[in-house]
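Take a look at the structure set out below.
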Amino acid sequence: RHVKMSRLIGEKGIYVPDMAKDSLIKTLSSLTAVVTIHSDLDGVDDATEQIEADPRMYVQIKPWGEGLDVELAVRPLGPEGASCRPGAGGTMVFGLLKSKRVRTRRNLDAEREELIRVVRSCPALQGAEELHGDRRRIADAESALEFLLQLRELDGSVVPEWPMGETMKIRAHVSGARLSARAHGVEKESSLSDMFSVSGSVQVDDDLVLDMKDLLALMQESTGRFLPLGNGEFIALTKQFQRRVELMASVGELKGNEIRLPALFPQVMGGLDGFIGELDEEWRRRSALIDAAAKMNPAVPKELKATLRNYQAEGYQWLVRLSSWGAGACLADDMGLGKTVQVLAALLFRAQDGPALVVAPTSVCQNWITEAARFAPTLNMIDLRRDRSLSVGPSSVVVASYGLLQNEIERLSEVRWHTIVLDEAQAIKNMDTRRSAAVMQLNGDFRIATTGTPIENHLGELWNIFRFLNPHYLGSIDSFNRRFAGPIERGDDDAREKLKRVIKPFILRRRKEQVMKELPPKTEVILRVDLNEEERAVYEAVRRSAIESLAGVSGANRRFQIFAALTRLRRVCCSAALAVPEERRDEFAEVSSAPSAKMEAFLELLAEIRQGGHRALVFSQFVSHLSLIRAQLDKDGVPYQYFDGATPPDERTKRVAAFQAGEGDCFLISLKAGGMGINLTAADYVIHMDPWWNPAVEEQASDRAHRIGQSRPVTVYRLVARDTVEERIVDLHAWKKDLAESLLEGSSEALHLSADEMLELIMD
């Protein structure tokens with residue numbers, strides 16, 4: 001018809017004189033029997049009936065891949081009439097309606113306003129690809145379902161149309177109001193003590209009821225809040241209902257048709273009143289304890305001989321609140337913010353109700369004795385290294401190293417401790433060690449873990465700390481890896497946010513820049529050092545030898561052998577003398593006896609520091625490297641202090657005190673032995689002679705100087721051999737540095753190197 005009419009009137013149309021206007025309108029009206037006519041002509045044909053224009057927006061929906069093709073239109077003559085672009089075209093429409101010739105007048109401005117309203121009411125359309133006209137394309141199924149739900153929630157002014165047949169349908173929009181559930185305590189079992197069980201069902205509509213097991217199964221099949229029922233039908237959960245059920249599923253274990261939840265879970269949910277209809281007496285009792293704790297405002301004990309900063313007082317109160325309802329607490333403040341004094345205040349608050357146990361690294365035990373004598377003299381501090389009697393009572397605080405704990409665990413586990421403190425709790429990060437096994441045998445009413453690095457390498461370390469603090473709270477390690485660790489390591493932001501919410505009530509983390517505005521600035525400098533030709537030859541020989549030796553390696557020991565090869569290369573970066581095998585020392589005698597490039601760079605840097613009247617802490621993870629530095633300092637007559645893991649605890653304390661008193665221009669310290677728990681604010685420079693795998697450990701060491709009591713700006717130097725495995729390790733720091741903050745503040749990703757990724761560090 002269109003072709004025939006264009007042939008009759010021409011592609012450019014025809015001109016009609018004004019005197020023929022009425023005749024033209026009558027002619028156009030008569031054509032409505034075969035075609036809908038749009039016109040801007042004013043005038044009335046008595047043979048056509050005037051009707052009100054249909055004001056509704058018609059949404060034409062077609063399947064497209066996993067998504068939808070959507071076109072917005074109006075039908076001025078009603079559902080049976082032709083469609084028009086909203087706000088465009090002629091104002092008069094002539095057509096045939098139920099064999100009757102009719103006409104209507106469009107309100108183009110109102111159509112444009114309605115178009116804007118519909119698009120604004122459907123955010124899924126705003127992010128869709130715009131095609132010609134008012135047609136848009138939604139690419140993915142999740143966004144398509146969101147659009148259908150948004151469309152469903154609009155009033156009757158919008159009419160959805162499926163010209164090619166409906167392929168997606170929202171059967172019901174389900175909120176927590178449709179959940180009928182009850183929560184009750186579970187009798188204590190050997191493996192599931194202090195657990196609650198939640199059971200119930202969801203009334204989807206008159207014909208469909210889902211029990212808890214079926215609901216969780218459907219949620220596992222979906223990637224969002226739209227649960228597939230089959231045949232293109234979906235249930236849409238409200239976002240709040242989805243979050244709450246997902247949170248229960250992320251912490252609980254499905255057993256039959258019930259979800260088993262740890263007793264601490266009400267704190268995470270922020271109360272379940274109005275969500276779960278029936279809450280048993282035990283649940284309500286625990287919820288009441290949580291509510292009462294939130295209102296507590298405990299005063300700082302008058303026995304504390306220190307004035308707490310505001311954030312320290314908040315930390316003390318947070319510890320006391322959690323202790324009042326039996327939840328374990330992880331105080332994860334930055335190094336140098338005074339975690340010890342906050343815990344001492346909490347120990348004083350709880351002192352009269354029973355004994356406490358403090359477990360700390362050997363290098364830190366004496367610090368606890370000293371700090372307690374200074375700030376909490378009424379506590380009866382017992383150094384288990386010197387007093388093995390274990391005669392304890394109220395106000396008693398036993399201090400033990402992790403090594404001593406392993407040896408004395410049989411006796412220590414027989415005591416019911418009112419409070420247990422694990423200082424530098426990252427010491428139990430490996431769940432398979434004897435140290436971790438010993439800690440888990442301790443019995444205590446309230447458990448505290450202090451650590452500036454709750455995660456050093458992978459999320460399993462956080463799980464093990466929580467296993468001590470709040471047993472069963474994060475489930476088994478297998479379920480934790482399945483729900484959280486695995487997805488987070490693959491970059492799943494939803495899993496990260498869920499874990500963050502789950503652990504947030506039991507971790508307190510403050511950064512220096514948040515609470516210590518008066519702390520002097522810290523400047524970090526990476527000083528890249530070029531190996532000399534001889535060192536480069538040794539490095540390349542060791543590297544090629546490693547590649548050859550690892551070529552055919554497989555099996556369980558492969559990762560260990562790769563790590564050993566990396567360690568040899570890192571030692572070469574420090575000094576060739578540390579890595580030349582005995583049988584080749586004659587071949588490399590000259591380079592082995594000459595100062596290394598790093599040594600020369602270090603001596604130049606130290607000379608500048610001393611000339612400026614400053615003092616430095618010098619860290620290396622290799623004791624053999626420190627031995628070379630000691631020999632050079634002795635030769636040059638530079639005064640220094642020193643300790644490593646073999647230095648007795650009492651001697652370490654003496655040397656720290658001597659340095660603080662001004663004895664020595666630098667302090668040589670092995671990274672593992674002195675990277676935590678000591679105050680060395682007499683230094684305002686820190687030199688890391690070799691990069692450690694985890695930057696958080698280096699940061700802990702640097703914070704021996706950059707902490708409360710430091711009045712001068714601190715400068716941290718990292719000496720890195722250029723074009724070596726050390727540079728690649730520093731590159732990895734960008735991935736790992738904020739691993740803990742990815743959960744505590746939401747900023748980064750977890751990193752776990754595979755054997756192949758480790759091997760890649762060695763390859764050229």
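Spelling out what I want: for every residue of region 425-438, take phi, set θ = phi - 60°, compute 6.51 cos²θ - 1.76 cosθ + 1.60 (Karplus), and round to whole Hz; glycine and proline get x.
Karplus-based 3J(HN,Hα) across region 425-438 equals 5, 4, 4, 9, 4, 8, 5, 8, 8, 4, 4, 5, 4, 5 Hz.
Starting from the amide H of VAL159, placed 1.01 Å from N in the peptide plane, find each other amide H under 5 Å away whose residue is 5 or more places distant or on another chain.
MET57, TYR58, VAL59
Relative to the Cα centre, what is the charge dipole magnitude of region 468-519, using +1 at the beta carbon of each Lys and Arg, -1 at the beta carbon of each Asp and Glu, and rounding to the nearest 20 debye?
I would put it at about 220 debye.
Take the Cα gyration tensor of region 644-693, multiply each eigenvalue by 5, square-root it, and list the three semi-axes largest first, rounded to whole angstrom.
Working through the eigenvalues yields semi-axes of 18, 15, 9 Å.
So, for region 440-590, what is the accessible surface per residue at a probe of 1.4 Å, expressed in square angstrom? Walk me through the intermediate numbers first.
Working: 7220 Å² over 151 residues.
Ligands and nucleic acids excluded, the figure is 48 Å² per residue.
Normalise the Cα radius of gyration of region 460-505 by 2.2 N^0.38 Å (N = residues in it) and let me know the number.
Its radius of gyration relative to the 2.2 N^0.38 Å reference: 1.06.
What are the ³J(HN,Hα) values, in whole Hz, obtained from phi via the Karplus relation 6.51 cos²θ - 1.76 cosθ + 1.60 with θ = phi - 60°, for each residue of region 410-417 in sequence order, with x given for Gly and Pro?
4, 6, 5, 6, 7, 8, 8, 7
Kindly rank 717-724, 562-569, 644-651, 465-472 from highest to lowest mean number of other beta carbons found within 10 Å of each residue.
Final packing ranking: 465-472, 717-724, 562-569, 644-651.
Step through the table entries LYS635/LYS672; LYS598/LYS635; LYS429/LYS672; LYS302/LYS339; LYS169/LYS239, compare each Cα-Cα distance with 24 Å, and write down the pairs that go over it. Walk me through the intermediate numbers first.
On the way: LYS635/LYS672 26 Å; LYS598/LYS635 17 Å; LYS429/LYS672 14 Å; LYS302/LYS339 19 Å; LYS169/LYS239 18 Å.
Checking Cα-Cα distances, LYS635/LYS672 exceed 24 Å.
Listed highest first by mean packing, meaning other Cβ atoms within 10 Å per residue, what order do 151-164, 388-401, 241-254 come in?
Details: 151-164: 13.4, 388-401: 17.1, 241-254: 19.0.
Final packing ranking: 241-254, 388-401, 151-164.
Scale the Cα Rg of region 354-397 by the rule-of-thumb value 2.2 N^0.38 Å and send over the ratio, two decimals.
In units of the 2.2 N^0.38 Å rule of thumb, it is 1.09.
I'm a student and want to see the number: the projected area of the Cα convex hull of region 606-674, averaged over all directions, in nm².
For region 606-674, the mean projected area of the Cα convex hull comes to 4.4 nm².
What is the packing order of peptides 658-666, 495-503, taking the mean over residues of other C-beta atoms within 10 Å and listing the highest first?
495-503, 658-666
Taking amide H positions as placed in the peptide plane 1.01 Å from N, state which residues far from VAL209 in sequence (5 or more) or on other chains have amide H under 5 Å from it.
Counting only residues 5 or more places away or on other chains, the set is VAL204.
Using the Karplus equation 6.51 cos²θ - 1.76 cosθ + 1.60 (θ = phi - 60°), what ³J(HN,Hα) coupling, rounded to whole Hz, does each residue of region 92-101 give in order, writing x for Gly and Pro?
9, 10, 10, x, 10, 10, 6, 6, 10, 6
Round to the nearest 10 and report in Å² the accessible area of ASP206, as given by a 1.4 Å probe over the protein chains' heavy atoms.
Its heavy atoms expose roughly 150 Å² to the probe.
Can you send over the carbon and sulfur percentage of the accessible area for region 486-538, probe radius 1.4 Å, protein chains only?
For region 486-538, the apolar C and S fraction of the accessible surface comes to 47 percent.
Can you compute the charge dipole magnitude of region 407-524 about its Cα centre, using +1 on each Lys and Arg Cβ and -1 on each Asp and Glu Cβ, nothing else charged? Give it in debye, rounded to the nearest 20. Before the final figure, lay out each step's value.
Working: 21 positive and 18 negative charges, 73 e Å.
The dipole of region 407-524 has a size of about 360 debye.
Using amide H atoms built 1.01 Å from N in the peptide plane, name the residues 5+ places from LEU97, or on other chains, whose amide H lies under 5 Å from its own.
Those qualifying (amide H under 5 Å, at least 5 residues apart or on another chain) are VAL102.
The values are calculated or read from the model by the stated rules, or taken from the named source; none is laboratory data. Since the structure is predicted, the reported quantities are computational estimates derived from the model, not experimental observations. No Cβ is skipped: glycine too gets one built from the backbone with ideal geometry, and neighbour counts run over all protein chains shown. In case anyone asks, the SASA skips ligands and DNA or RNA and just uses the protein heavy atoms, side chains included. Shrake-Rupley method; radii C 1.70, N 1.55, O 1.52, S 1.80 Å.
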